[in-house]
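This report concerns only the one structure given below.
The values are calculated or read from the model by the stated rules, or taken from the named source; none is laboratory data. These numbers were taken from a predicted model, which means no experiment stands behind them. When we count neighbours, we look across all protein chains shown, and the Cβ atoms used for this are built from the backbone with ideal geometry, even at glycine. Quick note on the areas: whole protein, heavy atoms, side chains included, nothing else; ligands and nucleic acids left out. Shrake-Rupley method; radii C 1.70, N 1.55, O 1.52, S 1.80 Å.
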Amino acid sequence: MSCVAAAAAVSAALVDNDSDNNEEDGDKGDDKCSATARARDGATMASGPATLATDCTVKPCPLRAPLVVTVVGLPCRGKSLAAHKVARHLSWRGESAKVFTVDGNATNETLSEISLFFKEGNNVAIIDGMHLTRASRQTVATFCCDAVFHHLLIEFTCNEKCLQENVTDTVQFYRKLDQNIDWERRFRESNEHWTPEFEPCTALEGPLITVNNSEDPMYHSVTARGVRGAIQTDILGVLASPVIRQQTFYFSRHGESEYNVLGRIGGDADLSPRGMKYADRLARQLGGPGSAPDCPRPKVIWTSELRRTIHTVQNIPGPRAAIKDLNEINAGICEGLTYEEIQERFPQEFAWRDQDKFKYRYPHGESYLDLLQRVDSVVQALLTNTDVLVVSHQAVLRCIMAYFKGVKPDDVPYINVPLHTLLIVRSYGYDFVVETVPLKVECVDTYRIQPKNCSTSRTKADALTTVPAHFDAPLSQQMSTIS
């Protein structure tokens, strides 16, 4: 299930919306200024303070108006990890998101930085602070109302067990930065100081997601109210899964295949002799025959449905699954051809792909944009696990590694994922560190650098909307659809 689909399922189950808020997004159904959002029902009206209403004139937000997300919660509730997880996911999916870290509340300087950020063409600002009082949150809400930005509140809580785990983990992280400070005492005193100040969010304050944080999916819960639009729904889907603090993943392409040796793309070719040697070497690295007692051992193994990935892991112990979404990019009419044959038979197609490799879709096949959407469900599933080995293909792993490396979509097709190399990804604070481990088995190099000059007789826009005469009408409709 894609992230958006998962978010929709969560939203259907948990979000309280009354009939006044069921319009589709559009000129009549756009979000109103969240600072002046009316109560959704009588019970909410009674529970929320009337003083939250403001004299700010209600203005409809354009559908694609920028979004400001205000993070709310006491220290060590998992706010920062979740905020950076949301920003990473949105940026990976093509939005321009950034986390603005503040000590307590957003200041006028923070809001000025956000205004400049939006003027530069970006569209999602996440303010990572505490914002414990209604007055502090009202400052941001009024700013959004005046500037006609969408506004979303995300409030984080957790139980005592989760709080202790968060404190312990945070202390260990900061001790690496400065061992002369008693970090545990500092965080406990901070909690004691700020707890009396905390005023939980109410429905009167605007669209709200409440996260009860836990690494245990049985205790992690998310509720939402007033969430609408694709980006807010996407955020809800990301937050629905618990944030695992310490994670390790293993990624590898299949061993060299017979098609790799011949320079052909796609297909379901089996491993070459050197590819089989790499499979044995990878098994020794990850708990298979001949491995060291202290070597890492994946808890689960995911491969594509194609033979070359399944045979690459055949000697690695552990439960496994062949996943369709990990199959290589579909090259359509170019399946099984070499790049030289593609250039000879379809010169215009070859040039168009070099012009915009991310959005170009093979006739009757896929684009990298299609692929990024396809592997979304894989990435979201990975983030709820650890110690997973994924053996897949070059284009697929480019899309997955783009998430962990923070690579922008247009640069995804040029991430180098070499054959016969193990990539180990470890979480480190808010970020991920990628370790490259070549296993020193000779193989071909399948990496193609980005061409410096790929001009043709037509423009880039033509390349994305025009189809050569040798394709029929239904296919021309497919080729003009990029997303």
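Values computed for the structure shown
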quantity: Among the candidates VAL396, VAL391, VAL444, VAL412, residue that is of a type in the set (Val, Ile, Thr), assigned by the TED database to the domain that holds SER304 and open to solvent by 30 Å² or more (accessible area, probe 1.4 Å); calculated: VAL444
quantity: Scope region 56-102; condition surrounded by 20 or more Cβ atoms within 10 Å (Cβ to Cβ), of a type in the set (S, T, N, Q) and assigned to a strand (DSSP E or B); matching residues; calculated: THR70
quantity: Check on GLU349, among the acidic types (Asp, Glu), over 30 Å from ASP387 (Cβ atoms) and open to solvent by 70 Å² or more (accessible area, probe 1.4 Å); calculated: no
quantity: Residue satisfying all of: in region 134-172; closer than 15 Å to SER214 by Cα and more than 27 Å from the chain's Cα centre (by Cα); surrounded by the fewest Cβ atoms within 10 Å (Cβ to Cβ) among these; calculated: GLU160
quantity: Residue within region 122-129 that is surrounded by fewer than 22 Cβ atoms within 10 Å (Cβ to Cβ), over 13 Å from VAL72 (Cβ atoms) and at pLDDT 95 or above present; calculated: yes
quantity: Candidate set from region 239-260 (those that are modelled with pLDDT under 95 and over 30 Å from ALA283 (Cα atoms)); member that is surrounded by the fewest Cβ atoms within 10 Å (Cβ to Cβ); calculated: SER241
quantity: Of the criteria (1) surrounded by 22 or more Cβ atoms within 10 Å (Cβ to Cβ); (2) in contact with a Pro (Cβ under 8 Å, 6 or more places away or on another chain); (3) in a helix (DSSP H, G or I), which one ILE316 fails; calculated: (3)
quantity: Residue count, region 271-294 (criterion: part of a helix (DSSP H, G or I), open to solvent by 90 Å² or more (accessible area, probe 1.4 Å) and over 15 Å from ILE310 (Cα atoms)); calculated: 2
quantity: Hey, TYR339 in the same structural domain as TYR447 (by the TED database) and either of a type in the set (S, T, N, Q) or surrounded by fewer than 20 Cβ atoms within 10 Å (Cβ to Cβ) (or both) or not; calculated: yes
quantity: Filter result (assigned to a loop (DSSP other than H, G, I, E, B), modelled with pLDDT under 95 and open to solvent by 50 Å² or more (accessible area, probe 1.4 Å)) within region 196-230; calculated: GLU215, ASP216, PRO217, MET218, TYR219
quantity: Extreme residue, most open to solvent (accessible area, probe 1.4 Å), among residues of region 323-336 that are among the aliphatic types (A, V, I, L, M) and part of a helix (DSSP H, G or I); calculated: ILE333
